[in-house]
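Notes follow the structure.
Any read-out appearing in this document is the output of simple, stated calculations on the displayed coordinates, not a laboratory observation. Quick caveat, the model's predicted, so the values are computed rather than measured. Positions of Cβ are generated from backbone atoms using ideal geometry, with glycine treated the same way; all protein chains shown enter the neighbour counts.
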Amino acid sequence: MLIFEQSKAGRYAPAQSPLDKADISAIPAQFRRRRSAALPEVSEMQAVRHYTRLSRKNFSIDTQFYPLGSCTMKYNPRACNSLASLPGLLSRHPEAPESHSQGFMACLYELQEMLREVTGMRAVSLSPAAGAQGEFAGVAMIRAYHEARGDSARCEILVPDAAHGTNPASAVMCGYQVREIPTGPDGDVDLEALKAVVGPHTAGIMLTNPSTLGVFDRNIEAIAKTVHQAGGLLYYDGANLNAILGKVRPGTMGFDVIHMNLHKTFSTPHGGGGPGAGPVGVSERLVPYLPVPMVTREGDEYRWLTERECPESIGRLTAFAGNAGVLLRAYIYARMLGREGMPRVAEFSTLNANYMLKRLQALGFQAAYPQRRATHEFIITLKKQAKELGVNTMDFAKRLLDYGFHAPTTYFPLLVPECLLIEPTETEDMATLDGFIDAMGRILEEATQEPGLVKGAPHTLPVKRLDDVKAARELDLAWQQRDAG
Amino acid sequence: MPFIPHTEQEVQEMLAAIGVGSLDDLFEEIPASLRLSQLDAIPTALSEMEIGHLMGKRAQQDGQPVCFLGAGAYDHHIPAAVWQITGRGEYYTAYTPYQAEASQGTLQLLYEYQSMMVALTGMDVSNASLYDGASALAEAVLMAVRANRKSKSKRILMPRTVHPAYRRVVHNIVKNQQVELVELPFDPQGGHTDPAVLEQYRGEDFAALVIPQPNFFGVLEEVDALTDWAHANGALAIGVVNPLSLALLSPPGEWGGQGADICCGEGQPLGAPLASGGPYFGFLCCQQAHVRQMPGRIIGRTQDLDGKVGYTLTLQAREQHIRRSKATSNICTNQGLMVTAATIHMALLGSEGLERAAAASYANTRALVEALSAIPGVAPLFDRPAFHERVLRLPAPAAGVLRSLAAHNVLGGLDLSRDYPELGEAILVCATEQRTAEEIAAYAEKLARVIQLQGGVTCGLVPKE
C-alpha cells in the first residue's frame with residue numbers, strides 16, 4: 001500500500017514543524033500557490049511504520065551477499081557512517097569560511113594525498129559527485145589539454161567493446177565521437193586492432209584494468225605506448241580498482257587520468273543507487289585542468305583552490321564540493337585500512353574470486369576465460385545451459401534470489417553471451433562463498449530436473465517477475481488522486 | 001585484519017583449492033615491472049576508537065556557528081525519524097534496484113518520491129533524482145535542446161539571477177556540446193529579471209529560457225510572464241525552484257498559460273543536512289510529452305506474473321547501460337539515499353508541515369532584515385517581494401564584516417562582491433525557521449558593533465552603479 005493510500009485529509013505530524021503558522025499575506029497573491037500540494041497526510045507513527053516495513057522488502061549488504069560484478073558490494077563499516085555524521089560535520093555550511101572549516105578540510109586534504117599515493121597520480125581532485133561525473137571530468141580534461149595545445153583535430157575517443165556504458169556516454173557528453181576496439185580471444189584488448197585505428201584524430205582511450213572481463217590486460221604497457229605515441233592520452237576507469245589496490249598503480253601503468261568510485265573501492269554505501277563519489281587523479285600534464293574545488297595546505301593552514309586559483313580548470317561540476325559526506329566516509333575507511341590494509345583488499349578479493357571460480361568450474365559451470373587467472377571478479381557463461389536446458393542467465397539470477405543471494409551482474413559485458421559477472425569482494429567469508437556455490441549447484445540440478453521452477457523464479461519474494469513491457473508501454477510514473485477511487 | 005574475515009586456515013584451504021602456493025601467486029599475470037612495493041605516504045591503520053578520537057576533534061574544531069547563510073543550502077529542521085529510518089541497513093547498504101523483485105522497498109519508495117515531486121511541482125512526471133541542483137540544471141538544459149523540436153538552436157537564455165555556481169556548472173557541463181548560454185541582466189531596483197529585457201530577443205531562435213523561483217537574491221520572478229514569453233517565442237520554459245518554497249509559491253506546472261515544460265532544483269531543503277555541500281540531490285520534473293528525453297532513472301508501477309502490483313525501473317532505453325553512446329546522459333548513480341530521506345521527510349511534514357516551515361523561514365528572514373536594517377547604513381537592496389533570502393547593502397567592506405562576525409561565531413551571510421561587483425558591499429542573508437528571535441537580535445547587535453568598529457557610514461563607501 002502506498003503512503004498516499006493511508007492519507008486522511010486534515011491529519012499531519014504537528015511535532016515536526018513550527019507550532020505557529022507565520023503570516024505570509026505580504027506575498028502578493030499572484031505568486032502564491034492556490035491549492036496545497038497533494039502530499040500524504042499521515043501521522044508520525046504511520047510514516048515510521050510504512051518506511052520501516054518498506055525497507056524490509058529490500059536486499060542489502062547488511063542482510064544478503066551481493067556478488068555483483070564491477071560493483072564491489074563490500075561491507076560498509078558502521079564507524080564511517082557514525083563519525084561522518086558527527087554534529088559538527090553535519091551542520092557545516094558549504095560556504096562557511098576557511099576559519100571554520102579546518103577540521104573538515106584536513107580530512108579532504110589527507111584523502112587527496114592518500115588517493116594520490118595509492119593510484120600513483122600527480123594530483124587528485126575529490127569533487128566529481130559519482131563515477132560517471134568523474135568520467136566526464138576526465139574526458140573534459142583530455143579535451144582541455146588538447147585544446148590548450150591547439151591540437152584540435154583529435155575528435156575520437158577509443159573504448160573497448162567490454163567497457164561500461166558510461167564510458168562511451170561520457171565521451172559523447174564531452175563532444176567526442178566514440179570508436180569501439182575489439183577484445184582478443186584471451187580477453188586482452190586486441191593490440192593489432194588498436195594499432196590500426198590510433199592516429200592524429202585520437203584524443204584518448206578509456207580502459208578498465210582489470211577489465212570487465214575479469215582479467216588483467218597483460219599488454220597494458222604496449223597499449224599505453226601505442227596511444228601515447230599517437231599523441232592520445234590514457235583514461236583509467238577505476239570501477240575495478242579494488243582488484244589492484246595497493247598492488248599496482250594506474251600511474252605506473254601509464255595512465256594520464258583516472259576516476260575512482262569511492263562507493264566501490266572505499267566502501268561508502270550504495271544507498272539504493274547513490275550517492276557515490278568519483279574523485280579524479282591525473283598525471284603531471286593534466287594538473288592545471290583538474291576540477292575545482294580542491295584543498296591545498298599552506299604552512300599549517302588548509303585553503304580552498306577554486307576557479308580563481310586554477311584558471312585553466314575545467315571548473316566545478318556541482319554547486320559546492322561534491323558529495324562531501326561520502327568523501328568523509330571514504331577518508332575514515334582509508335584511515336582504518338591504513339597502508340597495510342590496502343594491499344590486503346586486492347589480495348583477499350582476488351582470493352575469494354579465484355576460489356569461487358574454481359569451485360563453480362568443478363560443478364560444471366563454464367568460465368568465459370578458463371585459461372586466464374581471475375582477478376577480483378570473473379565471468380561464467382551459461383550458454384550451454386541456455387541451449388540444452390532452456391534455462392537462461394536471467395532465470396538463474398532470479399532463482400538465486402530465492403536462495404537469499406543477490407544475483408550477480410547479468411548480461412554484462414555484452415560480448416559474452418548468457419554471462420554472469422561475479423565479484424565476491426574481500427569482506428565475505430568462506431562459508432558465505434560456499435553457500436552461494438552450493439546454491440548455484442542446486443539451481444543447476446533444478447534446471448535439469450524441474451526447469452519450470454527456475455524459469456518461474458523468484459517464488460519467495462514480495463513480488464514475482466514483473467512485467468517490464470507493461471511498465472514501459474502503459475507508463476504509470478506517479479500516483480494520482482484518481483487512483484484512490 | 002580490518003573487514004577481512006578469513007582465518008589463516010581458511011586461506012590455506014582456499015589457496016589449495018585454487019592450486020596456488022601463496023596470495024602473491026594470484027597476481028602472476030601482472031607484469032613484474034608494474035608491481036608496487038610500498039605505500040609510504042599512507043599512514044598506518046587506526047582502530048575505530050582512534051579514528052573516533054580524531055574525527056571528534058576535527059568535528060569540534062570547526063565549531064557550530066549560528067548560520068545566516070543560505071545561497072543554495074539551507075539550515076532546516078529535519079525530523080529525527082528521517083535519518084533513523086534512512087540509516088537502516090536495508091536502505092543504506094542496498095544496491096541500485098536493477099533486480100526489481102529484491103528491491104521493492106526502494107522502488108516503491110522512489111515511486112512515492114516521484115509522486116510527491118509531481119504533487120509539489122505540478123508537473124506530470126519526475127525522475128528518481130540527479131546529483132545536485134546545479135548539475136540537474138545542466139541536464140535540464142541539455143534535455144531542452146533535445147526536446148524542443150520547434151527550435152534548431154542550441155542557445156539558452158540564462159538570467160544572471162540564477163545562482164552563480166549553477167551558471168558555472170551548466171557552462172562547464174554543456175560547453176563541449178556547443179550549447180550557448182546567453183545571459184540576461186537583472187533589474188537593479190527589483191533584483192528580478194524584467195520581462196521587458198526579453199524583447200530585444202524577440203524573433204530569435206532559443207531552445208529554452210531558464211526561470212529561477214525564487215531567484216538567487218531571494219526575489220520572486222514574474223514567472224507567468226516569463227513562461228508565456230518563452231512559449232510565444234518557441235522556447236521551452238525551465239523552472240529552477242526551491243522545493244520548500246513550493247509549499248507556498250505557485251508550482252511550475254501552473255506558470256503562465258501552459259506551465260513550465262521542465263523544472264529542476266536542489267532537493268537539500270527536503271531533509272538533507274548542510275554537511276558541507278553534499279550529498280544533496282537534484283530533482284528533475286517535466287511534462288509528459290518530454291519524458292523520453294529525460295535523463296536519469298525513472299520508476300514505473302506495473303504488475304507481476306500473478307497480477308500483483310509492483311515497481312520497476314522503466315524507460316531504460318534512455319540510459320547509458322543500454323544505449324551507451326546514444327544515451328540521454330552519462331548519468332548512472334543517482335542520489336538514492338538522499339531521496340529516501342526526502343521522501344520520509346515529505347511524508348512526515350505533509351503539505352501543512354512544509355507550509356509552516358516555509359512560512360516561518362519567510363517570516364524569520366523578514367524579522368532579520370528589519371532588525372539589521374535598523375543599523376545605520378544597512379538596507380535591503382531590492383524592493384520586490386522575496387521568499388526567505390534578501391540582499392543587504394552594508395556601509396563597510398562586506399568581506400571584513402563577515403570575517404569579524406565569524407570570529408563572533410556568526411555566519412552572517414554570503415559576500416556578493418565576487419559574483420555581483422555592481423552591487424557594491426552587499427551580502428545575501430537567510431534566516432530559516434531554525435533561527436530564534438534571540439539569535440536574530442544577537443546578530444543585529446554584533447553587526448552594529450562590527451560596523452561601528454570598521455568605521456561605519458563614515459567610510460563613505462557607495463555602491464558602484
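Counting only other residues whose beta carbon sits under 14 Å from that of A:ALA362, what net charge do I get with K and R as +1, D and E as -1?
Details: positive: A:LYS358, A:ARG359; negative: A:ASP434, A:ASP438.
Spelling it out: positives minus negatives among the neighbours equals 0.
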**Study point:** Separation in nanometres of the label points that stand 7 Å from Cα toward Cβ, at A:ALA196 and A:MET1
**Key:** 6.4
Practice item. Take every Cα pair under 8 Å in the range A:344-470 that's 6+ residues apart, average their separations, divide by the length, and report that relative contact order as a whole percent. Key: 29
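Full-extension gain between B:GLU183 and B:HIS53, please, as 0.36 nm times their residue separation minus the C-alpha to C-alpha distance.
On the way: separation 130, 0.36 × 130 = 46.80 nm, distance 4.91 nm.
Value of the extension gain: 41.9 nm.
Rounded to the nearest 0.05, what FRET efficiency do B:ARG449 and B:ARG149 give with R0 = 45 Å and r taken as the Cβ-Cβ distance? Could you check?
Rounded to the nearest 0.05, the efficiency is 0.15.
If we count other beta carbons within 10 Å of each Cβ, what is the order of B:TYR166, B:TYR280, B:TYR92, fewest first? Before the final figure, lay out each step's value.
Values: B:TYR166 27, B:TYR280 33, B:TYR92 22.
The fewest-first ordering by Cβ neighbours comes to B:TYR92, B:TYR166, B:TYR280.
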Revision key, fill the gap. Inter-chain shielding metric for B:220-228, i.e. average beta-carbon neighbours from other chains within 10 angstrom, reads 1
Review point. Hey, what D do you get for the range B:80-344 in µm²/s if you plug the Kirkwood alpha-carbon radius into Stokes-Einstein at 10 °C and 1.306 mPa s?
Key: 85
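Pairs to check: A:LYS264/B:LYS308; A:LYS383/A:LYS470; A:LYS383/B:LYS326; A:LYS57/B:LYS308; A:LYS225/B:LYS326. Give those whose C-alpha atoms are more than 26 Å from each other in this structure. Walk me through the intermediate numbers first.
Values: A:LYS264/B:LYS308 34 Å; A:LYS383/A:LYS470 28 Å; A:LYS383/B:LYS326 28 Å; A:LYS57/B:LYS308 15 Å; A:LYS225/B:LYS326 30 Å.
From A:LYS264/B:LYS308; A:LYS383/A:LYS470; A:LYS383/B:LYS326; A:LYS57/B:LYS308; A:LYS225/B:LYS326, over 26 Å: A:LYS264/B:LYS308; A:LYS383/A:LYS470; A:LYS383/B:LYS326; A:LYS225/B:LYS326.
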Practice item. Compute the distance in nm between two label points, each set 7 Å from the Cα along the Cα-to-Cβ direction, one at B:GLN64 and one at A:ASP151. Key: 5.2
Check your understanding: Rg (Å, one decimal) plus Dmax (Å, integer) for the alpha carbons of the range A:79-337?
Key -> 18.1, 58
Point to revise | Residue mean of other protein chain beta carbons inside 10 Å, A:127-140 | key: 4
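With only Lys, Arg, Asp and Glu charged, each at its Cβ (+1 for the first two, -1 for the last two), find how big the charge dipole of chain A is about the Cα centre; round to the nearest 20 debye.
Values: 51 positive and 53 negative charges, 207 e Å.
That gives a dipole near 1000 debye.
Ranking B:ILE51, A:ILE244 by Cβ neighbours within 10 Å, fewest first, what do you get? Can you show the working numbers first?
Details: B:ILE51 21, A:ILE244 30.
Fewest to most other Cβ atoms nearby, the residues stand as B:ILE51, A:ILE244.
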Review point. Just the C-alpha atoms of chain B: what Rg/Rh do they give, with Rh taken as the Kirkwood radius?
Key: 1.04
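Let me know the charge dipole size of the range A:79-337 about its Cα centre in debye, to the nearest 20, where only the beta-carbon of Lys, Arg (+1) and Asp, Glu (-1) is charged.
Using Cβ point charges on Lys, Arg, Asp and Glu, the range A:79-337 gives about 300 debye.
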Exercise for review: Could you please report the charge total around A:ASP151, scoring K, R as +1 and D, E as -1 over all other residues with beta-carbon less than 15 angstrom from its beta-carbon?
Suggested key: +1
Revision key, fill the gap. Pseudo-spin-label distance A:ARG56 to A:GLN366, built 7 Å along Cα→Cβ, given in nm, is 4.3
Exercise for review: Any chance you could list the semi-axes, whole Å, largest first, of the equivalent ellipsoid that the Cα gyration tensor gives for the protein assembly as shown, using √(5λ)?
Suggested key: 45, 31, 27
Review point. Can you give the helix-only mean residue ellipticity at 222 nm for chain A, where every DSSP H stretch with n ≥ 4 adds -39500 (n - 2.57) and the sum goes over all residues, rounded to the nearest 500 deg cm²/dmol?
Key: -11000 deg cm²/dmol
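In what order do B:GLU422, B:GLU139, A:GLU95, A:GLU298 fall by count of nearby beta-carbon atoms within 10 Å, going from fewest to most?
On the way: B:GLU422 14, B:GLU139 25, A:GLU95 22, A:GLU298 7.
Ordered by Cβ neighbours within 10 Å, fewest first: A:GLU298, B:GLU422, A:GLU95, B:GLU139.
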Review point. Which value, to two decimals, describes the C-alpha radius of gyration of the range A:355-396 once divided by 2.2 N^0.38 Å?
Key: 1.19
**Study point:** Dimensionless Rg over Rh [the range A:136-243; C-alpha; Kirkwood]
**Key:** 0.94
Revision key, fill the gap. Using alpha carbon centers only, the range B:328-360 is separated from the range B:220-266 by a whole-angstrom value of 20
Exercise for review: Report the full-extension gain for the segment A:GLU284 to A:ALA222: residue separation times 0.36 nm, less the Cα-Cα distance, to one decimal in nm.
Suggested key: 20.3 nm
